[in-house]
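The values are calculated or read from the model by the stated rules, or taken from the named source; none is laboratory data. Quantities reported herein were computed from a predicted structural model and do not represent experimental measurements. Don't worry about glycine lacking a Cβ; one is built from the backbone with ideal geometry, like all the others, and counts go over all protein chains shown. Side chains included, ligands, DNA and RNA excluded: accessible areas come from the protein's heavy atoms. Shrake-Rupley method; radii C 1.70, N 1.55, O 1.52, S 1.80 Å.
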There are 4 protein chains.
Amino acid sequence: MDNKRELIFEATEKIIATKGLQGLSMQQIANEAGVAAGTIYRYFKDKDELIGELRKNVLRVVANHILKNSREGTLEQRFKRIWFNIVDFGRQRTPANLSYEQYIHLPGIDSDPHQTFEKTTFGELHLLFEEGKAEGLFHSLHNKALFAVSLEPAVALGRSIRRKQLEYDKAELELACNLCWQTITKQTKRSYQDYE
Amino acid sequence: MDNKRELIFEATEKIIATKGLQGLSMQQIANEAGVAAGTIYRYFKDKDELIGELRKNVLRVVANHILKNSREGTLEQRFKRIWFNIVDFGRQRTPANLSYEQYIHLPGIDSDPHQTFEKTTFGELHLLFEEGKAEGLFHSLHNKALFAVSLEPAVALGRSIRRKQLEYDKAELELACNLCWQTITKQTKRSYQDYE
Amino acid sequence: MDNKRELIFEATEKIIATKGLQGLSMQQIANEAGVAAGTIYRYFKDKDELIGELRKNVLRVVANHILKNSREGTLEQRFKRIWFNIVDFGRQRTPANLSYEQYIHLPGIDSDPHQTFEKTTFGELHLLFEEGKAEGLFHSLHNKALFAVSLEPAVALGRSIRRKQLEYDKAELELACNLCWQTITKQTKRSYQDYE
Amino acid sequence: MDNKRELIFEATEKIIATKGLQGLSMQQIANEAGVAAGTIYRYFKDKDELIGELRKNVLRVVANHILKNSREGTLEQRFKRIWFNIVDFGRQRTPANLSYEQYIHLPGIDSDPHQTFEKTTFGELHLLFEEGKAEGLFHSLHNKALFAVSLEPAVALGRSIRRKQLEYDKAELELACNLCWQTITKQTKRSYQDYE
DNA sequence: TATGAATGAGTTTTCATTCAT
DNA sequence: CATGAATGAAAACTCATTCAT
């Protein structure tokens, strides 16, 4: 049954989110999932595979959240939707988000699942950025750099809110989002104050 | 002699940087440092203390790099110096930088050394941001948010360059830096194109 | 199965009896019990718990032996039965007896299992001694003192026989037992020689 | 200097008396003695030798205490002096006494120092018992048995008082001592009550 | 298919002993 | 002589994995 597999999956995600990858034993997972330790090996070759599958899954979930409705509307609407998707996802205390942050900064990110994730997520953003540059609307920066200046702030803001280092404030986020949008666009006519 | 202690320290940092915190055994450290396993315990109570001391040390190093010369010159000069400090540090493949990224996203960051680090680093930036806001130069955002929109991009850019996802390009960085500066400032007179 | 637990128990008791508590390693126990080292930890939290459980068990066994049939018959019959129970148990080269002597003279006897043992064993003897004193048959000494003069000799004799410092001699023991009985009783009519 | 040797000796005795033989490390001894760990090896070949020497020493001290003034006076006076020597020594919380009780019930008592101790102490008592038997005053029991019925009570009483299981009561001890004396003597004329 | 007891290699940690200073 | 840093073998303990039921 894939039911058991799912149970194991969720149990593992939950433990990683709360206690981290460090103190993660198969017994713990079995207990949390309510199955026997041996059962895990019916669904996953070994611990590495379980962790690997989980990583893939987490990245898939993250990509889905971030890219939700990312194709409708104008460039600006699409950008801002993604920007808020990132903030909203980052704010959550879900296992997916919490374990995501642990995976992302591990040595060996060159690994397969992460490559795929990057391609999926970034492929979509790639299109957005390229379009913006083709229209002469965005600055002529590499996409990675465009992401860094316009979307990393969203990642950081979501995290800060989740960690209670920053209160959730719709107006402040709107302003930040607009600033990010303007950062990548070569806007000349409208003045900054329009947004404040 | 503090020589041995230093050797152990560096060996541990190196291993964490390359293989991560996961597969870190005392024997490995001993081998890398060229000492006997038991020797480590003359300098550190146990593994936890070793890791803890290392964490403190890494955070200290990072703070030093980032805040280098952060008090001289105009607000703009100070901001840009810090911005580039962040990029330059993030670009390095030093053990300090590599292990920093692993520490920073672990569960339990509320711990002591990290608090101190935050206070040191952020205290300095705090002053900068407050000054800018007092002068009416910066947007009225919380400091965390100002950091997110103006300095997180630098963190991300440094990392991307180190990971070869982005080539080091002085001009591109200058532009990005200026964009970040403008993002937090309520500039009206100069147009964006001035920087391109 | 409690089979493994029992195996571990017996192996440990045996090693303590022969080699003492000092050189007692988990590996040794595992070897003697014919199980893997890790298996011990399925049944006992750690070495301390194993030793503690063993201690409790040994004390229980000792109490059982000593108090066997200790309630039937006259005061004299009861006393003498206990006296011989003590000698007989002390003579044995059983692990229970051998490890008992090691536990009993360790620092920290105030610990729980020992308290219980004392209460069990001594509670029974308490009744005996109190009865004897109430009848005006025993000397007015504290029970501990009555034990010391009348039953410690039995402990010592059993031990000496076990250690081959004294041959087992039924007649000699009978005499000694009678002497002990007379020691605690305020006998006036019968002369000592009656027993020789 | 034999001063250092003595320091090490006393430190070891003290630790054994308080914490037992179990948790006894050379470093601990060195700390307690105020010398370096390596220094111990100038005076003792290894840990075994140190413990062995200590054992010998302790047994010597014990023998001295017990046999103090054991040769003066009548048989009765000599016996009673020894009896009280035993009680008085056993009552003390001295390292010598506390570690004695730990040594005495260890496996491997057949070892050299203990043999010598037995010979010294028991040799003296041997004479006493033989004399008593030759005079027809003592029961015809083996010396070990005579010791068991007459002096083991003193050992037990001293220990009980030290452990606060029994209060020190001169009169009670006098009575107990007399009972012990009468236990080994074939007294016919005097009745027991004379002592109460 | 599921279990969970058992394994044993691997990990952290201790500690008697050595040896350069 | 004395030191105490360093050693490394051995101890306690953990945990991924296997396998009989």
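Going through C:Q102, C:Q115, C:Q193, C:Q182 one at a time, which residue ends up being modelled with pLDDT under 90 and over 18 Å from the mean Cα position of the chain (by Cα)?
C:Q193
Could you run through the stretch B:111-140 and say how many residues are open to solvent by less than 40 Å² (accessible area, probe 1.4 Å) and outside any loop (DSSP other than H, G, I, E, B)?
12
When you scan the stretch D:41-55, how many residues do you find that are of a type in the set (K, R) and open to solvent by 90 Å² or more (accessible area, probe 1.4 Å)? Full working, then the answer.
Filtering the stretch D:41-55 for residues of a type in the set (K, R) gives D:42, D:45, D:47, D:55.
From what is left, the residues that are open to solvent by 90 Å² or more (accessible area, probe 1.4 Å) are D:42, D:45.
Of the residues in the stretch D:41-55, 2 are of a type in the set (K, R) and open to solvent by 90 Å² or more (accessible area, probe 1.4 Å).
What do you reckon, is A:L166 without any contact (Cβ under 8 Å) to a residue 40 or more places away in the chain, surrounded by fewer than 21 Cβ atoms within 10 Å (Cβ to Cβ) and within 8 Å of another protein chain (Cβ to nearest Cβ)?
Against the criterion (without any contact (Cβ under 8 Å) to a residue 40 or more places away in the chain, surrounded by fewer than 21 Cβ atoms within 10 Å (Cβ to Cβ) and within 8 Å of another protein chain (Cβ to nearest Cβ)), A:L166 does not qualify.
Residues that are more than 16 Å from DNA strand E (Cβ to nearest atom): find the helices (runs of 4 or more DSSP H) completely inside the stretch C:18-110 holding 1 or more of those. Explain how you work it out, then say what you get.
Values: elements: C:26-33, C:37-43, C:47-66, C:75-91, C:95-104.
Helices (runs of 4 or more DSSP H) meeting the threshold: C:47-66, C:75-91, C:95-104.
Considering only residues that are in a helix (DSSP H, G or I), farther than 15 Å from B:P153 by Cα and among the acidic types (D, E), which ones fall in the stretch A:151-172?
A:E172
With the requirement that a residue be closer than 14 Å to D:L146 by Cα and more than 8 Å from chain D (Cβ to nearest Cβ), what does the stretch C:172-188 give you?
C:L173, C:E174, C:C177, C:N178
Could you grab me the full set of residues in the stretch C:56-68 that are open to solvent by 20 Å² or more (accessible area, probe 1.4 Å) and either among the β-branched types (V, I, T) or over 15 Å from the mean Cα position of the chain (by Cα) (or both)? Spell out how you get there, then give the answer.
Narrowing the stretch C:56-68 to residues open to solvent by 20 Å² or more (accessible area, probe 1.4 Å): C:56-57, C:60-61, C:64-68.
Those that are open to solvent by 20 Å² or more (accessible area, probe 1.4 Å) and either among the β-branched types (V, I, T) or over 15 Å from the mean Cα position of the chain (by Cα) (or both): C:V61, C:I66.
Just name the residue that is farthest from the other protein chains (Cβ to nearest Cβ) out of those in the stretch B:13-32 that are open to solvent by less than 30 Å² (accessible area, probe 1.4 Å) and away from DNA strand F (no atom under 11 Å from the Cβ).
This residue is B:I29.
Output the residue which, of all residues in the stretch B:33-80 that are away from DNA strand F (no atom under 16 Å from the Cβ) and among the β-branched types (V, I, T), is farthest from the other protein chains (Cβ to nearest Cβ).
B:T74
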